[in-house]
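Presented below is the structure to which this report refers.
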Amino acid sequence: MNKSAQTEGVKQKIALWGVGSWGIRIAGSIQSEYQQRVEVVGVDSDVQSLICSSLVHKIIIGEKTVRSRGLRRDTGKVEKAFRESEAKIKSKLADCRALLIVGGLGGGVGSGVIPALCNCARELKIFTIAFVTHPFKFEGKKKNLLFQKAREEIEKGPVGLACFSLDRLVGRIEDDTPHEEVFRHCDRILKEAVECMISYLTAPPQRGGDYALLESIFSSPGETVMGIREAAGPNHLITAVKGALSALSLNATELGMIKGVLLQLETGGSISFRRLEQAIGAVSGVLSEDVDLLYTIDKSKEKGEKIMVRIMAAGVPEEGENAAGQAIPVTLTADRPPAKQTEINFKRLARGMFVNTDPTLFEGEDMDIPTFVRKGVSLE
Amino acid sequence: MTQKRDIITGLDVGTTKICALVAEREENGDIRILGVGTYPSRGLRKGEVINITEAVASIEKAVSQAENICEFEVTSVIAGITGSHIQSFNSRAVLPVANPSIGVTRKDMFRAIDAAQAVPLPRDREVLHVIPQEFSVDDRKGIADPEGMEGVRLEAQVHLVSGEVAARRNLVNCITQAGFEVEEFVLQQLASSLAVVRKEEQQSGVVLVDIGGGTTDYVYFRDEIIRHTRVLGVGGDHLTNDISLGMKLLLRQAEELKKKYGSALSDRVTGDDELAILDALVRPATGLSRKKLDRIIELRLTELFHLLRRDLEEEGHFQSIGSGLVLTGGGSLQKDIAALAGQITGLPVRIGTPFGVSGLREIIDSPIYSTAVGLVKYGFLRRSSTDRSRGTGDRVPGVLFNGIKRWLDRYF
Ligand SMILES: Nc1nc2c(ncn2[C@@H]2O[C@H](COP(=O)(O)OP(=O)(O)OP(=O)(O)O)[C@@H](O)[C@H]2O)c(=O)[nH]1
Ligand SMILES: Nc1ncnc2c1ncn2[C@@H]1O[C@H](COP(=O)(O)OP(=O)(O)OP(=O)(O)O)[C@@H](O)[C@H]1O
Ligand SMILES: [Mg+2]
Ligand SMILES: [Mg+2]
């Protein structure tokens, strides 16, 4: 990366941390051109999910406390696990300028670790935005309760929160869509949202970004939505912008309530000032007058003359009522005997003859790792 | 004085084995294999060179074996290329017909093809093959040869194969250091397809899948046109690696077990046997379960065929594969693999072995030799087409008229 631009005493690194099984998968699926611009780290208490991931930096938390498993809903243990590994985490964060976090707020790891990580970043004065999902209703009350608590904790600020509701994401799909495709759709939205933010924070030449404004946009209550569209041919910019706006799937009232927008244009060609003016005009035209709008243009040779527009909008009012019921005490399972803290060699464990080769990546999974390990299939 | 002999050497630099094949075209046009040399590959992973010195030594060994059999000295080779760096896509360009009053000329066609391949690539990548697919003249689409047709707009559609410059350079370096000149590179699955896929299959839609040690390479044909190619960085080595990790065996023990007992279907045998391996010197391997072995293989290959299927679906080709799949490469020797592929894709599946050459049949009659046989077949087709076009000066450099005879015949 741009080592030459590094100035003494100024923190330069931007980090992306995937938390929990799902967060790690999303972080691993970020396109390489964006991945190169940040340090991508996976965090989990579950060794299995770290093994399967192709990420270079992996942090396993709470080896003693939870013995390398997931945490399910055992939030009591999350704190312990996090404390156990806090030193490791803080030293990894020490030279970060900005931190992006991604994970599902319905799992034990995600809902426990993301708020704690935000606290750490706060102490270290690192600019932070968390990309999280609100669990599906069908995942049940307990998970939704976990979500609620975690969200409240994060919202104590000053941390940006981009919260995507899974129910909303799948709201507009056909009833007979296969479930894998639905999940893939959700994965893609989160991935694109993170890429869009990375682009804003790192796209040359302006490089940097307006943190104060970002923070104000992403600390507004409500949900975040994302619209993506690619277009080619004459008028491709305006076509793509309009398509992306409509992909937000919001009605006029909802559009009017949006607090802020991040607009990203990605193309190999050049964009004239007039065209850009027209495109931004098309976006602000459908929003309220005092909306905050940030934009970034990313040059990508691969796109050629095509243009890709991503719009991320924050502050959308939540759909329906609150999913959380009254507080249910979390039951703790019996303590297991403490395990020995050991260095785990992820590579040796699962890559065998491919130990020294680059991973064969496919949608964030490393295909060099045995299928039975990645799919968690027992052979006995 | 005898006439200069018409001889070509194909060099398949695979992840598992390097194979050199010396072949001669006889007076009547028949291709006869004169010499074969195979040697285990060293210094390659997933289809790409990772250690030049080791790779050079293996190449030298394979070629000199072939030379010894036929007493012919090899100076240049046609080599296969693969690796997960390979990317392919279709591209098109529209140009005005230069002189509408005389219709589309050969020159117009080459200009349109030339324009269609002018796509921006990152600096570390290059175009390996430009394969013409079809033309449109004004609103008439799907024309194979528009020469002489009247119209004002000519559109060419091509299939472009690109790869990393560094990967090709590494391969060139290895072969040159071994003492041979590279006449041309051919994408491995294109070569294999020449050796094992029939014309009627190419017409009605077929996917040729070359499952090697390091990669799985495939190409989809329809109407005798190459519509899609792809390299997946997963092959037989992954099976071996999975088995070695899952059953706690050395790699060579895992390889032995895979070939000797392994099946792609885990429910074929009822009950469970204990397996024995010869190579148990290092560790007395006991309690090896057949069920477990088959399960590991089945999981990996199921995943592979699902990826293949999904890719073809996403590209919009899956519905038009009239003739099904042809599996080749060493991986296709895995027991019950055709049955598994059939279960997952619902398509007819056959195993492809090389056809259309004579000599040393007892050796080359195996899916392992498809790429090498395809390379020499390609070389001869190419040689006759350039002979024919010599002097006309209208070839676009770097254009591979895909080795499908139809194209070679028509355009040169
Ligand atoms: N869209 C989508 N959401 C998912 C998927 N998997 C999980 N999620 C969401 O993410 C939340 C967290 O799940 P995980 O990441 O598996 O949980 P974890 O944080 O690792 O914690 P453990 O429960 O201890 O394993 C779930 O409650 C879901 O709401 C997926 O494949 N697609
Ligand atoms: N009888 C068999 N059963 C199962 N697998 C086999 C058998 N024979 C060979 N193989 C496997 O086939 C693979 C080698 O195939 P092949 O010789 O076509 O590869 P290659 O051309 O060297 O590699 P690549 O094309 O990927 O660079 C090895 O993984 C080997 O284990
Ligand atoms: Mg988990
Ligand atoms: Mg091969």
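What follows draws every value from the coordinates through simple rules; no lab data is involved. All figures in this text were calculated on a predicted structure; none of them were measured in a lab. As a convention, Cβ positions derive from the backbone with ideal geometry for all residues, glycine included, and neighbour counts pool all protein chains shown.
Past 23 Å, Cα to Cα: identify those pairs from A:K58/A:K90; B:K259/B:K377; A:K58/B:K292; A:K13/A:K125, in the order given. Walk me through the numbers before you get to the answer.
On the way: A:K58/A:K90 14 Å; B:K259/B:K377 29 Å; A:K58/B:K292 30 Å; A:K13/A:K125 13 Å.
Result: B:K259/B:K377; A:K58/B:K292 exceed 23 Å.
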**Message:** Can you give me the C-alpha center-to-center distance between the range B:25-104 and the range A:268-323, rounded to a whole angstrom?
**Reply:** 48
**Asked** Want the number for B:R268 to B:S289: 0.36 nm per residue separation, take away the alpha-carbon distance, what's left?
**Response** 6.2 nm
**Prompt:** If you count, for every residue in A:284-292, the Cβ atoms of partner chains within 10 Å of its Cβ, what is the mean?
**Reply:** 0
**Whole-Hz ³J(HN,Hα) from phi, Karplus 6.51 cos²θ - 1.76 cosθ + 1.60, for the range B:194-211, glycine and proline x** = 4, 7, 10, 9, 7, 4, 5, 5, 4, 5, 8, x, 8, 10, 8, 10, 9, 9
**Request:** Choose one of B:Q87, B:A98, B:M109: the residue whose Cα lies farthest towards the positive end of the charge dipole of the range B:87-162 (beta-carbon charges +1 Lys, Arg; -1 Asp, Glu; about the Cα centre).
**Result:** B:Q87
**Complete:** In order over the range A:149-156: 3J(HN,Hα) from phi, Karplus 6.51/-1.76/1.60, θ = phi - 60°, whole Hz, x for each Gly or Pro, gives 5, 5, 4, 4, 4, 5, 6, 4
**Request:** Would you mind ranking B:D124, A:D368, A:D95, A:D292 so that the residue whose beta carbon has the fewest other beta carbons within 10 Å leads the list?
**Result:** B:D124, A:D95, A:D292, A:D368
**Message:** Just checking the output field for B:38-49: average partner chain Cβ neighbours within 10 Å of each residue's Cβ?
**Reply:** 1
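Nearest 0.05, what FRET efficiency do A:S272 and A:E153 give at R0 = 60 Å with Cβ-Cβ as r? Walk me through the numbers on the way to the answer.
On the way: r = 46 Å, r/R0 = 0.77.
Efficiency at R0 = 60 Å is approximately 0.85.
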**Asked** By the gyration tensor of its Cα atoms, with a ≥ b ≥ c the square roots of the eigenvalues, what is the shape of the protein assembly as shown: rounded for a/c under 1.5, prolate for a/b over b/c, or oblate?
**Response** oblate
**Request:** Choose one answer from B:E314, B:E134, B:E60: the residue with the largest mean-square fluctuation in a GNM of chain B with alpha-carbon springs under 10 Å.
**Result:** B:E314
**Asked** If you place +1 on the Cβ of every Lys and Arg, -1 on the Cβ of every Asp and Glu, and leave all else neutral, what size is the dipole of the protein assembly as shown about its Cα centre, to the nearest 20 Debye?
**Response** 1480
**Message:** Can you give the FRET efficiency to the nearest 0.05 for B:I102 and B:E126, using r as the Cβ-Cβ distance and R₀ = 25 Å?
**Reply:** 0.10
**Complete:** On the formula 1/(1 + (r/R0)^6), with r taken between the Cβ atoms of B:K199 and A:N356 and R0 of 45 Å, the FRET efficiency rounded to 0.05 is 0.55
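How would A:S85, B:S193 line up from fewest to most surrounding beta-carbon atoms within 10 angstrom?
Values: A:S85 21, B:S193 33.
Neighbour counts put them in this order, fewest first: A:S85, B:S193.
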**Request:** Considering only B:R168, B:R268, B:R198, give the residue with the highest GNM mean-square fluctuation for chain B, with springs between Cα atoms whenever their separation is below 10 Å.
**Result:** B:R268
**Fill in**
The size of the Cβ-based charge dipole (Lys, Arg +1; Asp, Glu -1) of the range A:8-217 about the Cα centre, to the nearest 20 debye, is 700
**Fewest-first ranking of B:F110, B:F89, A:F131, using other Cβ atoms within 10 Å as the exposure measure** = B:F89, B:F110, A:F131
**Prompt:** Of A:G112, A:L190, A:T133, whose Cα points farthest to the positive end of the dipole of the range A:97-202 (charges on the beta-carbon: +1 Lys, Arg; -1 Asp, Glu; origin at the Cα centre)?
**Reply:** A:G112
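Starting from the Cα gyration tensor of the range A:196-248, take the square roots of the eigenvalues, sort them a ≥ b ≥ c, and report rounded, prolate or oblate (rounded when a/c is under 1.5, otherwise prolate if a/b is larger than b/c, else oblate).
Working: a/c = 3.27, a/b = 1.39, b/c = 2.35.
Oblate, since a/c reaches 1.5 and b/c is not below a/b.
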**Request:** With springs only between Cα atoms under 10 Å apart, run a GNM on chain B and tell me which of B:P120, B:P146, B:P96 wobbles the most.
**Result:** B:P120
**Request:** Please give, to one decimal in nm, the separation of the simple spin-label points placed at B:Q343 and A:Q36, each 7 Å out from Cα toward the Cβ.
**Result:** 4.3
**Prompt:** Does the range B:87-162 come out rounded, prolate or oblate by the C-alpha gyration tensor, with a ≥ b ≥ c the root eigenvalues, rounded set by a/c under 1.5 and, if not, prolate when a/b is larger than b/c and oblate if not?
**Reply:** prolate
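Per residue of B:291-301, count partner chain C-beta atoms within 10 Å of its C-beta, then hand back the mean as an integer.
Other-chain Cβ atoms within 10 Å of each residue's Cβ, averaged: 3.
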